[in-house]
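Notes follow once the structure below has been shown.
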Amino acid sequence: MDNRGLTNLLLAIIAGVLLFGKDAMVSGLQGLFLVAVAIFAIWLVLAGCGAILSWIIREWGAAKSTEERASVIFATLAGFILTPLAAYTFWLWYTGVQDPLRVAVNSWLGWAWGAVVLSLMAGYALFGGWNALRWLATNRSALPGMILHRSRAIVWGYFDFLGGPVTFSIREWRERSLAGDGTAMKVASAAFATFIGLIFSLTAILLTFGVVIGILSWMGML
């Protein structure tokens, strides 16, 4: 605002005070300020809604699979529920309500958010189960061999951990020999691997005893 505009504004304020009185002018300015604040708040809300709508349209257009579209839907519902839920929680806290978070969670907004989360979990469970059934139908003939291979790997891994002080050190010595390291480096590395293997071995033994005792207790033998 230039000097002439500022001068005209001051003259207008002075004229208003002389014509209507100071109290009327102050009340009018307060009213104009409140109207300006309300217009600015409405503009912020509309701008935020426009940005959210643009994001939804952009992400929905970029989604290429059912899982990605479900993620966009969940994010949209989360925004439309969590935003008023957070505002309601803040209002409860501002008004002095005891335990505002509990009150907000037990409101219809909280129940709506719980329903959205449960629906998402159920949807992912159904989607995962459907994919698992499709995979089983496609790989039905190879399933026994895969189960046998995985079982063998688990058993050998268990015995590898159980004999960690020996198996770890032998493997480390072999790897260092292939790398061309000297005797001192191979001995130091094998000693460290023996220590790590001892920790894994004790862990495997303790877990084995725990599982055995749990099974015997479940069978009523202990």
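Coordinate-derived values only; no laboratory data. These numbers were taken from a predicted model, which means no experiment stands behind them. Cβ atoms come from the backbone with ideal geometry, glycine included; neighbour counts cover every protein chain shown.
If packing is taken as the average number of other Cβ atoms within 10 Å across a peptide's residues, how do 187-199, 140-152 rank, most packed first? Numbers along the way, then the final one.
Details: 187-199: 16.0, 140-152: 9.8.
Ranking the peptides 187-199, 140-152 by packing returns 187-199, 140-152.
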>> How would Lys186, Lys64 line up from fewest to most surrounding beta-carbon atoms within 10 angstrom?
In response: Lys64, Lys186
> How long, wide and thick is the stretch 86-167, going by the Cα atoms along their three principal axes, in whole angstroms, largest first?
Replying inline: 66, 42, 14
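Using mean Cβ contacts within 10 Å as the protection proxy, how do 155-165, 172-182 order, highest first? Let's see the in-between values first.
Values: 155-165: 14.9, 172-182: 12.8.
Packing proxy ranking, top to bottom: 155-165, 172-182.
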